[in-house]
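Q: This structure is in structure tokens; I'll ask about it shortly.
Bear in mind these aren't lab numbers, they're just calculated from the coordinates by the rules spelled out. Nothing here was measured: the structure is a model prediction, and the numbers come from that model. When we count neighbours, we look across all protein chains shown, and the Cβ atoms used for this are built from the backbone with ideal geometry, even at glycine.
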Amino acid sequence: MTKTLPRCAVLLALLAFSFTFPAMGRAQATTAKSEDTNPALPPGLDQQFMDKTANPCVNFAQYACGKFDKLYPIPADMSAYGTGTIVYEHTAYALHGLLEKFQADDASRTPNQQKIGDYYATCMDANAIDAAGLKPLRRELNRIAAIKDKKELTALLAHDQLINVNAFFGYGEQQDFKDARKQIAMVDQGGLGLPERDYYLRTGAAAEKTRQQYVQHIAKMLQLIGESEAEASADSTKIMQLETALAKISMDITSRRDPKNVYHLMPVDQLQELTPEIEWAKLFTLTDTPPVTEVNVANPDFFKGLNALLESTDLKTIKTYLRWQLIDSIPGYALPKALDEEDFAFFGRDLQGQPEQRPRWKRCVQATDGALGEAVGQVYVEAYFTKEDKARTVQMVHDIEDAMDRNIGTLTWMSPETKVKAKAKLHMIADKIGYPDHWRDYSSLKIVRGDALGNAVRAAEFENHRVLNKIGKPVDRGEWFMSPATVNAYYDPSMNDINFPAGILQSPLFDPNAPDAVNYGHVGAIVGHELTHGFDDEGRKFDGNGNLDDWWTPEDAKNFDAMTQCEVKEYGGFTAVDDVKVNGKLTLGENTADNGGLRLAYMAFLADAQRKGIDLDAKDSSGFTPLQEFFIAYGQNWCGSNRPKQLRLQVQTDPHSPREFRIEGVVQNQPAFGKAFDCKAGQPMMPVNACRVW
Ligand SMILES: [Zn+2]
């Protein structure tokens with residue numbers, strides 16, 4: 001399963017093997033011992049994080065966060081650590097407590113409690129998983145071994161799609177870009193084991209080393225499922241050749257950010273002509289998809305090239321590749337220890353510089369939330385999310401939406417007629433806070449105690465069936481794409497909604513005891529970030545109904561592009577690690593959202609302060625004026641550091657800028673920041689050529 005456009009998130013996904021990587025910062029190599037202690041949530045503004053010897057007008061990241069890394073060195077079981085990680089870790093402890101409670105085989109558990117408790121307990125039983133060896137995997141390996149003819153591949157590929165093995169391509173569902181009321185089938189490029197296409201094609205010593213390590217990793221994994229050393233070595237080379245050929249016909253991640261590049265709606269017959277080697281009608285039937293007549297072929301050139309590859313590659317190599325894709329996709333915790341450790345050795349240690357594997361309980365908490373997110377989320381919000389938290393957040397979201405309405409009015413580059421349309425889109429954005437109104441029904445998902453791999457496979461099949469079953473049906477506007485316990489937030493251009501799971505609404509990001517200035521700087525800027533995504537270089541192409549429909553005058557669109565060039569240049573000038581620069585085009589949407597978001601939060605805070613009669617010149621008990629508090633809190637969203645390898649990975653795959661630039665790249669574009677800290681024009685945080693899009 002796959003999706004064509006990312007739903008624009010604000011933060012991190014902290015675990016190693018997800019394809020959304022942490023939002024990052026300055027490289028540092030300090031390694032602390034991995035301690036299993038629950039980190040206390042810091043207050044909204046934490047003066048202990050600050051380095052007050054730094055000049056805020058020169059190096060604001062150091063000023064706001066300079067002491068963070070000493071307080072929170074990266075633990076050995078992480079590849080990065082920052083403000084969001086504290087909240088993430090704290091939430092893992094909360095979920096752990098709940099799951100421990102439900103893991104006892106107790107008749108009083110509700111069906112959902114049975115499922116989450118047994119999923120967790122089974123994941124935790126490493127000895128049983130190891131003792132079972134390759135036996136649970138045998139059924140899947142046998143399916144591949146049984147293939148005698150390329151004609152039988154379609155059935156196997158259909159099964160693969162259901163169990164989250166994206167061999168050769170991805171298949172899934174999406175809202176039709178041009179008619180958001182429709183849910184349609186989509187197929188997309190896929191089939192790679194490395195994080196992204198350019199990992200196969202980039203030149204240079206670091207890239208070549210990664211590829212060598214990857215080939216060795218494939219060989220080791222194949223040996224662990226029974227191949228001889230010589231066989232595994234030869235097979236790993238062939239797999240690398242095949243994946244490299246797939247990479248060459250894949251579209252790069254920057255081009256993929258333009259919706260029109262990944263939207264090619266066509267009748268199924270036309271897809272069949274592009275890729276005769278795959279029987280698409282059969283694949284749709286075998287995946288239990290409701291009737292499919294048209295399909296978005298995100299990248300038609302890929303499917304044309306894929307057909308040639310399927311034709312020219314011998315069946316033995318294809319079967320070897322399918323075995324590799326299978327063992328690479330099964331989560332490590334459900335595999336015997338030797339496979340799990342080898343998986344970590346490459347993806348954790350080699351790729352991200354992480355010395356140690358995460359404690360098993362943390363991996364199992366995350367796995368349970370991944371498999372049964374709304375069942376876990378239901379008990380989580382009952383225990384940890386209050387009506388008051390929700391009400392305060394809703395109020396803040398409304399304040400920031402009002403600020404955006406006023407902000408659109410102040411733009412000098414946009415015509416009155418486009419402003420009317422921009423406001424219309426803004427007022428159609430739906431706000432979703434905390435958790436869904438209707439909980440997902442997991443009754444047809446069977447979780448069996450003692451069958452870790454089976455549980456992972458059944459959970460994948462359940463989810464993929466659920467998603468595919470949407471095809472041809474009306475859109476459920478209440479659906480969430482993140483679980484309630486997730487420490488993150490997103491904007492969805494097709495839904496035209498902003499979503500803030502309960503997990504992100506915790507201190508320091510949202511501190512009920514902090515002054516308003518602090519909360520506007522933290523979660524206010526995040527709300528503004530998500531709203532602005534609706535109007536970044538990608539989101540602006542969708543209208544209020546979620547349709548890809550050009551509502552801009554040509555002149556305004558030209559002006560918008562010209563304004564964004566300033567940000568492309570600004571961020572493209574930042575060096576992230578060694579010789580690796582930030583990709584100004586890849587990160588443009590996120591940078592626009594960061595810059596617009598902080599401006600909106602600032603405007604909303606000013607309005608709030610005026611309403612409440614807050615004296616903006618008087619110093620608070622913190623020793624700072626409210627506006628200084630606002631900006632320090634904003635900076636402290638992104639405190640932290642990353643291992644150099646992890647940072648390299650982030651810059652090459654993630655549309656978010658490294659954390660240092662999410663702080664300094666943004667405040668230097670806000671004239672209000674310079675005023676709050678009495679900076680002089682021309683100082684680094686108050687440049688003469690500041691950028692402004694929104
Ligand atoms: Zn974002």
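Q: Modelled label-to-label distance, L201 and S255, 7 Å Cα→beta-carbon offset: nm?
A: Result for the modelled spin labels: 0.7 nm.
Q: Take the Cα coordinates of the range 221-286, assign each an equal point scatterer, and use the Debye formula without solvent to give log10 I(q)/I(0) at q = 0.16, 0.19, 0.20, 0.24 Å⁻¹.
A: Log-scaled intensity ratios, in q order: -0.86, -0.93, -0.94, -1.01.
Q: How large is log10 of I(q)/I(0) for the range 511-655 at q = 0.09, 0.13, 0.15, 0.18 Å⁻¹ when the intensity is taken from the Debye formula with one equal scatterer per alpha-carbon?
A: At q = 0.09, 0.13, 0.15, 0.18 Å⁻¹ the computed log10 ratios are -0.38, -0.74, -0.92, -1.10.
Q: Given charges of +1 on the Cβ of Lys and Arg and -1 on the Cβ of Asp and Glu, with all other atoms neutral, how large is the dipole of the range 614-694 about its Cα centre, in debye to the nearest 20?
A: 480 debye
Q: What's the angle, to the nearest 10 degrees (0 to 90), between helix 626-636's Cα axis and the longest principal axis of the chain?
A: 20 degrees
Q: Mind putting a number on the dipole of the chain about its Cα centre? Charges go on the C-beta only, +1 for Lys and Arg and -1 for Asp and Glu, and I need it in Debye to the nearest 20. Kindly include the intermediate steps, with their values, before the conclusion.
A: Numbers: 76 positive and 94 negative charges, 81 e Å.
Magnitude of the dipole: close to 380 debye.
Q: Can you work out ³J(HN,Hα) from phi for every residue in the range 336-346, in order, using Karplus 6.51 cos²θ - 1.76 cosθ + 1.60 and θ = phi - 60°, giving whole Hz and x for Gly and Pro?
A: x, 3, 5, 5, 4, 5, 5, 4, 5, 4, 7
Q: What ranking do 434-447, 136-149 get when scored by the average of other Cβ atoms within 10 Å per residue, highest first?
A: Values: 434-447: 15.7, 136-149: 14.1.
Taking the mean over residues of other Cβ atoms within 10 Å, the ranking is 434-447, 136-149.
Q: Between A76 and V420, take the C-beta separation as r, use R0 = 51 Å, and let me know the FRET efficiency to the nearest 0.05.
A: Working: r = 55 Å, r/R0 = 1.08.
So, using R0 = 51 Å, E works out to roughly 0.40.
Q: Now for a different question. Kindly provide the pair-distance distribution of the range 295-359 built from C-alpha pairs, with 10 Å bins from 0 and whole-percent values in order of increasing distance.
A: Final binned percentages: 18, 30, 26, 23, 2.
Q: Quick check: pseudo-label points 7 Å beyond the Cα along Cα→Cβ at D402 and Q47, how many nm apart are they?
A: In this crude label model, D402 to Q47 measures out at 3.2 nm.
Q: Taking the chain as the reference, fit the longest principal axis to its C-alpha atoms, fit the long axis of helix 588-612 to the helix C-alpha atoms, and give the angle between the two in degrees, 0 to 90, nearest 10.
A: Compared with the principal axis, the helix lies near 40 degrees.
Q: Further question: Can you compute the charge dipole magnitude of the range 356-475 about its Cα centre, using +1 on each Lys and Arg Cβ and -1 on each Asp and Glu Cβ, nothing else charged? Give it in debye, rounded to the nearest 20. Could the numbers behind the result be given before it?
A: Values: 20 positive and 17 negative charges, 71 e Å.
Charge dipole, the range 356-475, about its Cα centre: 340 debye, nearest 20.
Q: Continuing with the same structure: Taking the simple approach of a point 7 Å from Cα along Cα-to-Cβ for both L616 and A230, what is their distance in nm?
A: For the pair L616/A230, the computed spacing is 7.8 nm.
Q: How much FRET efficiency would the formula 1/(1 + (r/R0)^6) give for N469 and D437, where r is the Cβ-Cβ distance and R0 is 22 Å, rounded to 0.05? Don't jump to the answer; show the numbers that get you there.
A: Values: r = 20 Å, r/R0 = 0.91.
About 0.65, to the nearest 0.05.
Q: Suppose the chain between E311 and F481 were pulled fully straight at 0.36 nm per residue; how much longer would it get relative to their current alpha carbon spacing? Mind dumping the intermediate values first?
A: Values: separation 170, 0.36 × 170 = 61.20 nm, distance 3.69 nm.
Extending this stretch completely gives an extra 57.5 nm.
Q: Nearest 0.05, what FRET efficiency do K446 and R181 give at R0 = 30 Å with Cβ-Cβ as r?
A: On the way: r = 34 Å, r/R0 = 1.12.
It comes to 0.35.
Q: Next question, about the same structure. Restricting to the chain, compute how many DSSP beta bridges are antiparallel as a %, nearest 5. Write down the numbers at each step before the final one.
A: Working: 22 of 32 bridges.
Antiparallel bridges: around 70 percent, rounded to the nearest 5.
Q: Right, here's the next one. Mind listing the lone cysteines of the chain, meaning no other Cys beta-carbon sits under 4.7 Å from theirs?
A: For the chain, the answer is C8, because their Cβ atoms have no other cysteine Cβ under 4.7 Å.
Q: I'd like the orientation of helix 229-248 relative to the chain: the angle between its Cα long axis and the longest Cα principal axis, in ° from 0 to 90, rounded to 10.
A: 50 degrees
Q: Take the range 253-317, compute every pairwise Cα distance, and split them into 10 Å bins from 0; I just need the percent in each bin.
A: 20, 43, 32, 6
Q: If packing is taken as the average number of other Cβ atoms within 10 Å across a peptide's residues, how do 291-298, 467-474 rank, most packed first?
A: On the way: 291-298: 19.1, 467-474: 16.0.
Going from most to least packed, we get 291-298, 467-474.
Q: Next question. Hull surface divided by four, with the convex hull built on the Cα atoms of the chain: how many nm²? Kindly include the intermediate steps, with their values, before the conclusion.
A: Numbers: hull surface 115.0 nm².
Dividing the Cα hull surface by four gives the mean projection, 28.7 nm².
Q: Given 10 °C and 1.306 mPa s, compute D for the range 607-673 with the Stokes-Einstein relation, Rh being the Kirkwood radius over Cα pairs; round to the nearest whole µm²/s. Don't skip to the answer; put the middle values down first.
A: Numbers: Rh = 14.2 Å.
Answer, rounded: 112 µm²/s.
Q: Suppose the chain between D36 and K248 were pulled fully straight at 0.36 nm per residue; how much longer would it get relative to their current alpha carbon spacing? Could the numbers behind the result be given before it?
A: Working: separation 212, 0.36 × 212 = 76.32 nm, distance 4.35 nm.
Difference between extended and current length: 72.0 nm.
Q: Which value results when the Cα radius of gyration for the range 125-207 is divided by 2.2 N^0.38 Å?
A: Details: Rg = 18.1 Å, N = 83, 2.2 N^0.38 = 11.8 Å.
Normalised by 2.2 N^0.38 Å, the Cα Rg of the range 125-207 equals 1.53.
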